[in-house]
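Here's the structure we're looking at; comments come further down.
The values are calculated or read from the model by the stated rules, or taken from the named source; none is laboratory data. The model shown is predicted, which means the values in this text are computed figures rather than measured ones. Here the Cβ is made from the backbone with ideal geometry for all residues, glycine too, and neighbour counts use every protein chain on show.
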Amino acid sequence: MKYVIAGGSGFLGQTLVHALQAGGHDVVVLTRGRGRTMDRVRHVTWSAEPGSATDWHQEIDGADGVINLAGSGIADKRWSAARKEDLRWSRISATRALVGAIRAATTRPAVFLSGSAVGIYGPQPVDGPPLEESAPPGDDFLSKLGVDWEAEAHPAAALGCRVVILRTGIVLARDGGALQKMIPPFQFFVGGPLGSGRQVMSWIHRADWIELVVWLLRRSDAVGVFNGTAPHPVTNAEFSKALGKALGRPSLFPVPGFVLKLIVGEMAGPALLAGQRVVPKHALDLGFTFQYPDIASALARAVHNQK
């Protein structure tokens, strides 16, 4: 089968590309840079800007599936008004452009899998109930971003595509994402919980995330929203303790909330100090099995850079 991936050169995209290739699939990565071929994967230049050249549309026409992972990194930079607009537009414009290409295709893909994030649920009280896919969205910046992002993907259903929305939590792998930034303080014996440590973290090992995506692409009955998280969320204090144990380091030095806000600005609130107790009910109901359902086994594998 042929899959076209927007955002296929990122932290998750690269690993997904390799997994699909290993399964014998033809993979095309849409890149904002110059088109090239690398590791037997074709990279095709694309743009989500209205009125841009549409040569990349040809890759959508006849593809079996389109995967949308495009979007600027939430935690890559401090949030300014301009940065928040970039976070919005990089997701909305990419999704809109992909759906437009699907609409223009003579032979449309059978499945459109579009990324989203658990931030859509908004900050949750520590003792809040588990958040299943049917839970309503919050009303902060990340929540509204998620709602608008997902709204751009839904029209693909009217075009005959099976639309899957994957709301991803914190993805664990040593070579990228949040875990890569968390490890150094522990290595220098100054790691510990963030803020109160009571906020709940909804996480998933990268191997499980990859398997979930491949499984969702394959399952014809997988439709709608899926939470891309492991079944057992933990508090930040529990996570920090497990990370310290996996690294052979103590977890003794909490970082006060006001310090985080000084360091990273507004982002500290919704991204670091707030939490959501998200569970993958839809995937579990359809029979998906996690390799790493608990935080101890997931971190033990991840910190040693094991797949």
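The set of residues from the stretch 122-146 being in contact (Cβ under 8 Å) with a residue 60 or more places away in the chain and either within 30 Å of ASP61 (Cα to Cα) or acidic (Asp, Glu) (or both) comprises GLU132, GLU133, ASP140.
Within the stretch 110-121, residues that are within 14 Å of THR229 (Cα to Cα) sit with their Cβ atoms under 6 Å from residues that are among the β-branched types (Val, Ile, Thr), at 6+ positions apart or across chains, in these pairs: SER116/ILE165; ALA117/THR168; VAL118/VAL278.
Figure legend. Inter-residue proximity from the stretch 78-101: first residues of a type in the set (Gly, Ala, Ser), second residues assigned to a helix (DSSP H, G or I), beta-carbon distance below 7 Å, spacing 6+ or different chains. Indicated pairs: ALA101/HIS57; ALA101/ILE60.
In the list ARG88, ARG40, ARG78, which residue meets the criterion of being of a type outside the set (A, V, I, L, M), within 27 Å of LEU179 (Cβ to Cβ) and loosely packed, with under 13 Cβ neighbours inside 10 Å? Explain how you work it out, then say what you get.
On the way: ARG88 fails: loosely packed, with under 13 Cβ neighbours inside 10 Å; ARG40 fails: within 27 Å of LEU179 (Cβ to Cβ).
One residue alone meets the criteria, ARG78.
Taking each residue of the stretch 285-302 that is surrounded by fewer than 20 Cβ atoms within 10 Å (Cβ to Cβ) and looking for partners that are modelled with pLDDT of 95 or more and aliphatic (A, V, I, L, M) with beta-carbon atoms closer than 6 Å, six or more apart or interchain, yields GLN291/ALA207; PRO293/ALA230.
If you go through the stretch 130-167 and pick out every residue that is closer than 16 Å to PHE226 by Cβ, out of contact with any Phe, Trp or Tyr (no Cβ under 9 Å at 6 or more places or on another chain) and in a helix (DSSP H, G or I), you end up with 3. Per the listing ALA151, ALA207, the residue uniquely surrounded by fewer than 16 Cβ atoms within 10 Å (Cβ to Cβ) and either small (Gly, Ala, Ser) or more than 17 Å from the chain's Cα centre (by Cα) (or both) is ALA151.
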